[in-house]
Every structure is written in structure tokens, then in C-alpha cells.
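Written out below as C-alpha cells is the structure these notes cover.
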Amino acid sequence: MKHTPKTLGSICEGLNIPCPAGQQSLEISGVATLEQASAGDLSFLSNLKYEAQAQTSSASAILVKKGSVVETNVVLVECEDPYMTFTMYLVGLERELGGAKDQRAKALIADDAVIGSDCIIEAGAVIASGAVIGDNCRIGAGAKILSAARLGNRVVVEAGAVIGSQGFGFAPDKKGVYHAIPQLGKVILEDDVFIGANTTVDRGAISDTRIGQGTKIDNQCMIAHGVTIGKNTVMAAQTGVAGSTSIGDDCKFGGQVGIIGHLKIGNNVTIYAQSGVMNDVPDNKIIFGSPALDRRHFLKSFAAFKKQGL
């Protein structure tokens, strides 16, 4: 992506990192990956797996970890964390470009909905009666913030997501006819939560559904009624969490993970993509497979399958 030209010196000053000697006036007019970069672009190397791409990159400058040695003619800009430094540069570019625009005149907002200061409400969003939204939030196009929703500050809800819909709760009578169980709880999204496009977060039946501070949930995920998710957990696309399951802090879930209801997932748990979780998981475990197993046990089982030609 190209942008208004800047000097490398001014970029480094803004990012609070040292500029390589004699390169203060080097012109930077874009950002790109190592592989796609051309003259004038700034790129980054955060994983040595891509060192060969850095060696042959056509970028004008590359952010690298302090002390890195890369054989290349490209200007190397040392910093503590190239990925985060590059991210902060992109954040600054987004501000310059103006970012998303408030279009609440084209949204449907109830008179008694509470919306904090400096929020962006995009076209087609629905903010229902009784909903509460904190400061500096962004509600994407077509997203629905229903009456049970309580959003903290700096929350992002992307396009098409639904926050606070009825949980999937039905009780069968003696004849096997299902009757809807009233869902009377709330959905609480704490500060700095991110909800991806077309994700749904249901309200609880009695207890609240809660997503902890700083947690990021990708597109097309399903968070059922009464689920609690701790702080700083990340969840990739198409993951589904069934009702009343509790998930701890600092967890990492790959895509298409399925978790049955009423489980307890500890802190700092990693679950690989397409795993099916059917039992409680203690803190600090890495699990994968379906049914999901501890990483060590899964690898032993997989080795046994291979020996059998399966």
C-alpha cells in the first residue's frame, strides 16, 4: 500500500526507535510484505523463517529485531519487536487516512440506547432499546447490539455481528415438545474486546455471558449463552463454544475449534485448529485432535496410526 512520502528519519522518530546512520533522508512511500515490497516500501522481519525473503526483498527499509544479522543491501532498522513496531506504524497511517466514518444517521438507534463519546456507528447498524455502549467504540455496518448488550470502552464489533441474541435453550415436556427457556441474562463485553464479522454472542439464560478485557474473537464464531471468556484470549474463525463453558485468560484457539457445554478451560491454554474439546482442560495445556488430547498424547497416538497405515 502506498502513502504520502515520508523520510525514514521522521518515521523512526515517531516510532521512538533509532534511525540507521546516514539514512535519515531515505524516502519511504509505502508498506508491504517482504515478498511484495518494491522501492520506497517499508517492511518487517519478525520470524527468521522469512530471512531468505528479506535477503532478496526490494524494500527500501526493513524493521528487524535488535542485533539481527541479515545479508542484504536493504537498509535494516533495528527495534525490540519488528511486528509490533510495524503495527504501530500502520495504526498511525490509519489515523492519517481517516479510518471508518460515523454514519449513525443511516443506522437504527433506539431513543433510550446509551452510546458513549467518540463512537463510530456505521450504516445499517441496529442499537436496540436498553443497549449500553461505552466510549470510543466502533459498531460495524449491519451489526446488531441488542437490548441485553453492555459494551465497555474501545470495543469493536465488526459488520454483521449480533450481540445479545436469545440463547439456544429449550426444555422438552412429557410429549417431547420443546419450549423456549426465557433468556434473561446479559452480554457483557469488557474494555478493548474485538468481535469479528458475523460472529454471534448470545445472552445468558440467568447468568450473564461475559467476554473479558482485551479478548479478540474472529469472524463467524459462535459464543453461546452463559459462556465466560477471560482476559486477553484470542479465538480464530468459525470456533463454537457451547453454553455455560468457562474459558480462562491468555488462551489461544485455532480456527474451527468446537467446545461442548459446561466445561472449564484453564488459563494459557492453546487449542489447535479443528479440535473437538469434550473435557475440562487444566492451565497451560496444549491440546489438539478430535476428541482433543494433550499434545504429547496426540502425537503418540498419531504415530501409532501411521504405523498401522491409517
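Would you work out if the stretch 28-77 is rounded, prolate or oblate? Take a ≥ b ≥ c from the square roots of the eigenvalues of the alpha-carbon gyration tensor; rounded if a/c is under 1.5, else prolate when a/b is larger than b/c, oblate otherwise.
Working: a/c = 1.68, a/b = 1.46, b/c = 1.15.
Verdict is prolate for the stretch 28-77.
Explain nothing, just the number: relative contact order of the chain, from Cα pairs under 8 Å at least 6 residues apart, as a whole percent. Walk me through the numbers on the way to the answer.
Values: 873 pairs, mean separation 20.7, N = 310.
About 7 percent, as a whole number.
What are the semi-axes of the equivalent ellipsoid for the stretch 35-118, taken as the square roots of 5 times the Cα gyration tensor eigenvalues, largest first, in whole Å? Walk me through the numbers on the way to the answer.
Values: eigenvalues 323, 38, 21 Å².
The answer is 40, 14, 10 Å, longest axis first.
With 20 Å as the limit, write out which pairs from LYS49/LYS252; LYS101/LYS186; LYS186/LYS231; LYS106/LYS186 have Cα-Cα distances beyond it, or answer none. Display every interim value, and only then the final one.
On the way: LYS49/LYS252 22 Å; LYS101/LYS186 29 Å; LYS186/LYS231 18 Å; LYS106/LYS186 26 Å.
Exceeds cut-off: LYS49/LYS252; LYS101/LYS186; LYS106/LYS186.
Could you pull out the GluC sites (Glu not before Pro) across the stretch 9-69 that fall in loop regions by DSSP (anything but H, G, I, E, B) with no more than 16 other Cβ atoms inside 10 Å? Kindly include the intermediate steps, with their values, before the conclusion.
On the way: sites: GLU13, GLU27, GLU35, GLU51; in loops: GLU35.
Here the sparse-neighbourhood loop sites are GLU35.
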Beyond 31 Å (Cα-Cα) in this structure, taken from LYS144/LYS175; LYS2/LYS65; LYS216/LYS285, we find LYS144/LYS175
Cβ-defined net charge surrounding GLU80, 10 Å radius [Lys, Arg +1; Asp, Glu -1]: 0
Looking only at the stretch 104-298, where both bridge partners belong to it, what percent of the DSSP beta bridges are antiparallel (to the nearest 5)? 10 percent
Starting at the first residue of the stretch 70-79, write each ³J(HN,Hα) from the Karplus equation 6.51 cos²θ - 1.76 cosθ + 1.60 with θ = phi - 60°, in whole Hz, x for Gly and Pro. 10, 7, 7, 8, 6, 5, 9, 10, 7, 7
Please list, ordered by chain and number, the residues whose modelled amide H lies under 5 Å from the amide H of ASP294; skip anything fewer than 5 residues away on the same chain. none
Within the stretch 2-97, percent of DSSP bridges classed antiparallel, to nearest 5: 20 percent
Which of ASN47, ASN268, ASN198 ends up with the largest GNM mean-square fluctuation for the chain, with Cα atoms connected below 10 Å? ASN47
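A short reminder: the numbers here are calculations on the coordinates, not readings from a lab. Note that this is a predicted model, so its numbers are computed, not measured. Cβ: placed from backbone, ideal geometry, glycine included. Neighbour counts: every protein chain shown.
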